1. Evaluate the range 104-114: report whether one residue or more is over 25 Å from residue 61 (Cα atoms) and surrounded by 14 or more Cβ atoms within 10 Å (Cβ to Cβ).
2. Is it true that some residue in the range 205-213 is part of a helix (DSSP H, G or I), surrounded by fewer than 24 Cβ atoms within 10 Å (Cβ to Cβ), touching a strand residue (DSSP E or B) at 6+ places or on another chain (Cβ under 7 Å) and touching a residue at least 24 places away in the same chain (Cβ under 8 Å)?
3. Looking only at residues that are out of contact with any helix residue (DSSP H, G or I) (no Cβ under 6 Å at 6 or more places or on another chain) and part of a loop (DSSP other than H, G, I, E, B) in the range 215-237, which one is nearest to residue 202 (Cα to Cα)?
4. Right, residue 125: at negative phi, in contact with a helix residue (DSSP H, G or I) (Cβ under 7 Å, 6 or more places away or on another chain) and either in contact (Cβ under 8 Å) with a residue 12 or more places away in the chain or not assigned by TED's automatic domain parsing to the domain that holds residue 216 (or both) or not?
5. Evaluate the following for residue 262: is it under 30 Å from residue 164 (Cβ atoms), in a helix (DSSP H, G or I) and either in the same structural domain as residue 159 (by TED's automatic domain parsing) or in contact with a helix residue (DSSP H, G or I) (Cβ under 7 Å, 6 or more places away or on another chain) (or both)?
6. With the requirement that a residue be over 19 Å from residue 233 (Cβ atoms) and in contact with a strand residue (DSSP E or B) (Cβ under 6 Å, 6 or more places away or on another chain), what does the range 176-202 give you?
7. For the list (1) in contact (Cβ under 8 Å) with a residue 24 or more places away in the chain; (2) within 27 Å of residue 131 (Cα to Cα); (3) surrounded by fewer than 21 Cβ atoms within 10 Å (Cβ to Cβ); (4) touching a strand residue (DSSP E or B) at 6+ places or on another chain (Cβ under 9 Å), I need the number of the one condition that residue 250 fails.
């Protein structure tokens, strides 16, 4: 606790006359600031649960009692409800209900008496085993996807066992189950649980081992927080799944096991493949295979049709080749005829050209050409001399003559 502040002392010692409201407000401030958040233990009495959801009760011991309030926003986090006569431990602050001037405790959290020591032991063992490496993720064994046989360590008459068995029956009824029965709470339960785990490990009959029990208080689940159980789980050569309590419950065994499940039912689901899901998956694969085979056959059928259209008999092949040769011969003959025709036309044009250039053709029209005695053609009169002998060439025949007179 802290001493009253100077401001409070000055306000209280001032000459101002306080109203009752001011007095209670100052007193509430003084109490709230002077007391830190602390723990107090006592027995619950005069418990009232208001329609608003707030809880009002008193905590008492042999010599005194104090009024308490736990508002709805805080008590809604508890997974249990106190009742008259319960021994509890409350984490609270000191306040004053100003409207009535009532001294009271405002409860922030509430737990059953003795849990503080249990929590301390829990954290101490957890830190110890963690330092030894028992929680090391690298040491965790993989849970088999398709176990051939499943082992269960739990009480033979526990509801958790019925939940696990019904889940396994629903998901994969063909997997055999071996139960290693053991008490799961009470005096000596931890040793018996560890013995059942060791037995399962020594027999090596299973591919995976479920260690489970249903929900309960921290005291009910305490056997799974014992060091002997933790070390038995750590030493087990069979992959282990811890399914103890509800989703919000954590035990030392959860940290040591190869896998933690939120509930026993969840543990059963982790170790067993779903028969329905596998059948659906197989059905889908079968449909995919059928579609793939059909597509493959269709493609090959089309390829066969294409090849069949290209495949012909020798007789057809000879006939085709004969037709092709006939066509080639026809084209060659046409080409030759065209070439011959072109050549004939060319020769004809050349003949016509020669005919046009042939002097005989000119002579046949009444013209003549003159040659001297050496046979040279005379094209001008100045090439001749008087008395020179010449030859006159006509279209038909020739005549010899003598030049008697030259005209320029």
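The values are calculated or read from the model by the stated rules, or taken from the named source; none is laboratory data. Please read all numbers here as calculations on a predicted model, not as lab measurements. Neighbour counts run over all protein chains shown; Cβ positions are idealised from the backbone, glycine included.
1. Going residue by residue through the range 104-114, those that are over 25 Å from residue 61 (Cα atoms) are none.
No, there is no match, as no residue in the range 104-114 is over 25 Å from residue 61 (Cα atoms) and surrounded by 14 or more Cβ atoms within 10 Å (Cβ to Cβ).
2. Checked the range 205-213: no residue is part of a helix (DSSP H, G or I), surrounded by fewer than 24 Cβ atoms within 10 Å (Cβ to Cβ), touching a strand residue (DSSP E or B) at 6+ places or on another chain (Cβ under 7 Å) and touching a residue at least 24 places away in the same chain (Cβ under 8 Å).
3. By that ranking, first place goes to 221.
4. Numbers: at negative phi: yes; in contact with a helix residue (DSSP H, G or I) (Cβ under 7 Å, 6 or more places away or on another chain): yes; either in contact (Cβ under 8 Å) with a residue 12 or more places away in the chain or not assigned by TED's automatic domain parsing to the domain that holds residue 216 (or both): yes.
Yes; evaluated as a whole, the condition is true for this residue.
5. Working: under 30 Å from residue 164 (Cβ atoms): yes; in a helix (DSSP H, G or I): no; either in the same structural domain as residue 159 (by TED's automatic domain parsing) or in contact with a helix residue (DSSP H, G or I) (Cβ under 7 Å, 6 or more places away or on another chain) (or both): yes.
Judged against the criteria, residue 262 is not a match.
6. As a first pass, look at the range 176-202 and keep what is over 19 Å from residue 233 (Cβ atoms): 176-177, 186-187.
Result: 177, single match.
7. It is condition (1) that residue 250 fails.
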